[in-house]
Amino acid sequence: MDTKPCTSGLSDDAVMITRVADRQWHALDDDLVVGRGYAKHRLDGRLFASIDAWHDAAFDRLAEAMLAALPAPLYTVVDEADVELTADWRRAGFTIRRREWEYAVPTDPRITGLDEVLLPPGVTIVPAGQADEGLLRAVDRAIRDEVEATVGWHSMPAEVIPRPEGDTIIDPSKYAVAAASDHYLGLIRVVTVNQPRIGLVAVRSGEQRRGIARSLLAHALGTLHNSGFTEAWTEVHESNRPATALFEGIGARPMSSNLELVR
């Protein structure tokens with residue numbers, strides 16, 4: 001356990017920073033915990049930091065200790081509406097890497113207008129849990145390569161950036177796919193924990209503008225609606241205009257925005 005005293009520049013109180021575990025720190029003011037910081041690796045291998053502090057002095061001392069101990073690059077995510085927290089991270093030297101809008105997506109086909117969507121000729125939808133894992137991994141890899149070669153993965157939801165070992169399908173049972181006779185054309189991933197979240201909807205570049213993405217959404221949202229869910233959630237990078245148009249075109253409402261910061 002590492003301990004170092006730090007004097008706040010905003011207060012006469014002494015703030016003590018204590019490393020309580022691997023990648024975990026506490027800020028103490030007269031033996032009272034006034035802040036906590038920790039860091040953890042996400043599935044894509046990147047290291048993300050988080051600080052919950054009672055006042056700026058505790059935040060600054062925690063940030064100083066964490067930045068000294070952790071490797072770069074270091075990332076964090078904040079709600080853009082939290083102006084004070086964003087300012088705290090900017091003060092620590094972090095800059096904005098990406099902005100994502102969070103949308104509430106209705107599931108009722110009478111609202112989305114997806115009740116009248118027709119599958120393109122020669123295309124079928126394979127429900128979640130029924131996809132061939134080999135074909136699923138093949139279309140996922142092909143789509144990722146196509147995106148990386150054009151707009152880059154920075155334009156996609158942060159949670160779907162490839163893991164270091166290249167295994168990008170975390171749970172095959174969460175994917176429904178659009179299928180041709182012997183290969184897959186597109187996919188959609190929906191995860192339900194407390195609420196359904198659409199983590200990814202993507203189509204091979206040569207198959208786009210055929211209505212496949214809308215067909216995948218119609219299937220996924222219709223399934224959720226039949227299961228009693230009135231809304232799903234998704235994140236869209238601010239630069240991804242096709243995705244924005246797709247979701248807003250079915251009545252999705254922007255609810256908030258998140259900033260990913262990096263140092």
Ranking by accessible area, most exposed first, for His237, His219 with a 1.4 Å probe | His219, His237
Along the dipole axis of segment 31-77 (charges at Cβ: +1 for Lys and Arg, -1 for Asp and Glu; origin at the Cα centre), the most positive-end residue among His41, Leu62, Leu74 is His41
Take the alpha-carbon centre of segment 173-218, take the same for segment 95-110, and report the distance between them in whole Å.
-> 17
Enumerate the calculated ³J(HN,Hα) couplings along segment 86-96 in order (Karplus 6.51 cos²θ - 1.76 cosθ + 1.60, θ = phi - 60°), each rounded to whole Hz, writing x wherever the residue is Gly or Pro.
-> 4, 5, 4, 5, 5, 5, 7, x, 7, 10, 6
When the Karplus curve 6.51 cos²θ - 1.76 cosθ + 1.60 is applied with θ = phi - 60°, which whole-Hz ³J(HN,Hα) does each residue of segment 14-19 get, with x for Gly and Pro?
-> 8, 10, 9, 9, 10, 8
Everything considered on the Cα gyration tensor (a ≥ b ≥ c; rounded for a/c under 1.5, else prolate if a/b is larger than b/c, else oblate), segment 197-241 must be described as oblate
If you stretched the chain out fully between Arg241 and Arg91, how much longer would it get, using 0.36 nm times the residue separation minus the C-alpha to C-alpha distance?
-> 50.9 nm
Ile169 to Glu84: extension gain in nm, 0.36 nm per residue of separation minus the Cα-Cα distance?
-> 27.0 nm
What nm value, rounded to one decimal, do you get for the distance between Glu133 and Arg46 when each label is placed 7 Å out toward the C-beta?
-> 2.8
For Tyr38, Tyr75, Tyr175, give the ranking by accessible area with the largest first, probe 1.4 Å.
-> Tyr38, Tyr75, Tyr175
In what order, largest first, do Trp101, Trp25 sit by accessible area if the probe radius is 1.4 Å?
-> Trp101, Trp25
How much mean residue ellipticity at 222 nm does the chain get from its helices, if each DSSP H run of length 4 or more adds -39500 (n - 2.57) and you divide by all residues, to the nearest 500 deg cm²/dmol?
-> -7500 deg cm²/dmol
Surface accessible to a 1.4 Å probe, Arg98 within the full protein complex, Å² = 10
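If I take every Cα pair under 8 Å that is 6 or more residues apart in segment 42-155, average their sequence separation and divide by the length, what percent do I get for the relative contact order?
So the answer I get is 18 percent.
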How many percent of all Cα-Cα pairs in segment 170-246 sit more than 14 Å apart?
-> 63
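Taking only the Cα atoms of the chain, how large is their convex hull per residue, in Å³?
140
The values are calculated or read from the model by the stated rules, or taken from the named source; none is laboratory data. Here the structure is a predicted model, which is why all the values come from computation and not from measurement. As a convention, Cβ positions derive from the backbone with ideal geometry for all residues, glycine included, and neighbour counts pool all protein chains shown. Ligands, DNA and RNA are stripped out before the accessible areas are found, and what is left, the full protein with its side chains, is counted by its heavy atoms. Shrake-Rupley method; radii C 1.70, N 1.55, O 1.52, S 1.80 Å.
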